[in-house]
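For reference, the structure is listed below as structure tokens.
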Amino acid sequence: MRGLTYAQGLSTVCVEARCPNRGECYDAGTATFLILGDRCTRNCTFCAVQHGVPQPVHPDEPVLVADAVVRLGLRHVVVTSVTRDDLPDGGAKVFAATIRALRKRSPSSVIEVLIPDFQGSKEALECVIDAGPDVIGHNLETVARLYPRVRNGASYARSIRLLRFVGETAPNILSKSGIMVGLGESKAELSKLFDDLVAARCRVLTIGQYLQPTRGHHPVERYLPPEEFAELRHMALNAGMIEVAAGPLVRSSYKAGEIFLLVGSPRSLLPADEDRSDSV
């Protein structure tokens, strides 16, 4: 993995975010690439990814990602990024170029993108949708009350609007989100979050335990036992989510390929009068 990513100038969120599931995902033929560099323009207090002044975008990044996917033989590829508020489109064109390069070089691979909020730009989001990924994910990360403490620079309402736009304008693309627990949220707040996601037509959710990357990051308020993750999964499913992966070590891309196969074609989840795939 390192030889085909970091040695070629690419990054993976698997390494940058210190994901505990790297070996399992690599063995299953799944990896998550980090595009637009490895430095984020925001400084979320939960995140292990470096922040600061980012480097210029590598012009060959989309092709390098596609080449790595072919060499690794990945069946399901996830592409995410740092947040690039310094770019006019937030990096949307690079996401689109990467999707198209993957379609060309590895047409049988399922393409999942985990995108930032693009500062609410509808045009940037449309650019990614038009490239035609199979899955568009955008993480809420936590409940609305904790955003000022945990996600400075982000907006809960803006993220919900993004997911709703995907759900309403691109029903043939599977929409997905992810959250962490153990940051100080209440069960009532989580229930409201589940309802908000369902109202936004988000279909898949991952729920994992927040683990403090370093002493300088946001502290863990509570470690949830496994049975509470099972309870949260049932709460989200009862609210109307199609599939939920929940557990202490679950992360945004955990078992991404298996979940996609389990859920099936997003088009099959819609009533006939809601299949508006020609509008994308």
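Worth pointing out:
- Test for VAL244: is it under 23 Å from LEU114 (Cα atoms) and not in a loop (DSSP other than H, G, I, E, B): yes
- Residue match in region 89-110 (condition: at pLDDT below 95 and in contact with a Leu (Cβ under 7 Å, 6 or more places away or on another chain)): yes
- Looking only at region 100-127, residues that are at negative phi, surrounded by fewer than 22 Cβ atoms within 10 Å (Cβ to Cβ) and part of a helix (DSSP H, G or I) come to 9 in all.
- Some residue of region 137-158 being among the hydrophobic types (A, V, I, L, M, F, W, C) and farther than 30 Å from ALA188 by Cα: no
- Single residue of region 86-99 satisfying the filter (over 21 Å from GLY178 (Cα atoms) and in contact with an Asp or Glu (Cβ under 9 Å, 6 or more places away or on another chain)) that is surrounded by the most Cβ atoms within 10 Å (Cβ to Cβ): THR98
- Residues located in region 160-181, provided they are closer than 28 Å to HIS217 by Cβ and touching a strand residue (DSSP E or B) at 6+ places or on another chain (Cβ under 8 Å): LEU163, LYS176, SER177, GLY178, ILE179, MET180, VAL181
Here is a yes/no grid of residues against (1) charged (D, E, K, R); (2) surrounded by fewer than 17 Cβ atoms within 10 Å (Cβ to Cβ):
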residue	(1), (2)
CYS202	no, no
THR206	no, no
GLN212	no, yes
HIS217	no, yes
PRO225	no, yes
GLU231	yes, yes
ASN238	no, yes
MET241	no, no
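- Positions within region 78-99 being in a loop (DSSP other than H, G, I, E, B) and within 20 Å of the chain's Cα centre (by Cα), in sequence order: VAL82, THR83, ARG84, ASP85, LEU87, ASP89, GLY90, GLY91
- Checked against the criterion of being over 22 Å from ILE115 (Cβ atoms) and surrounded by 16 or more Cβ atoms within 10 Å (Cβ to Cβ), the candidates SER191, SER186, SER159, SER175 yield just one match: SER191.
- Reported count of residues in region 22-74, each being small (Gly, Ala, Ser) and at pLDDT 75 or above, is 5.
- The residue list GLU189, GLU168 contains one member that is more than 20 Å from the chain's Cα centre (by Cα) and of a type in the set (Asp, Glu), which is GLU189.
- The residues of region 152-167 that are touching a residue at least 24 places away in the same chain (Cβ under 8 Å) and touching a Phe, Trp or Tyr at 6+ places or on another chain (Cβ under 8 Å), listed by number, are ALA154, SER155, LEU162.
- Scanning region 247-263 for residues that are among the β-branched types (Val, Ile, Thr) and either in a loop (DSSP other than H, G, I, E, B) or on the phi > 0 side of the Ramachandran plot (or both) yields one hit, VAL250.
- Subset of region 36-77 (residues that are assigned to a loop (DSSP other than H, G, I, E, B), within 17 Å of the chain's Cα centre (by Cα) and among the hydrophobic types (A, V, I, L, M, F, W, C)): LEU36, CYS44, PHE46, CYS47, ALA48, VAL49
- Region 201-228 residues that are touching a residue at least 12 places away in the same chain (Cβ under 8 Å), paired with ones that are of a type in the set (Asp, Glu) and in a helix (DSSP H, G or I) (beta carbon under 9 Å, 6 or more apart): ARG201/GLU168; CYS202/ASP196
The values are calculated or read from the model by the stated rules, or taken from the named source; none is laboratory data. Bear in mind that the values here come from a model prediction, so they are computed numbers and not experimental data. Virtual Cβ from ideal backbone geometry, glycine too; neighbours counted across all protein chains shown.
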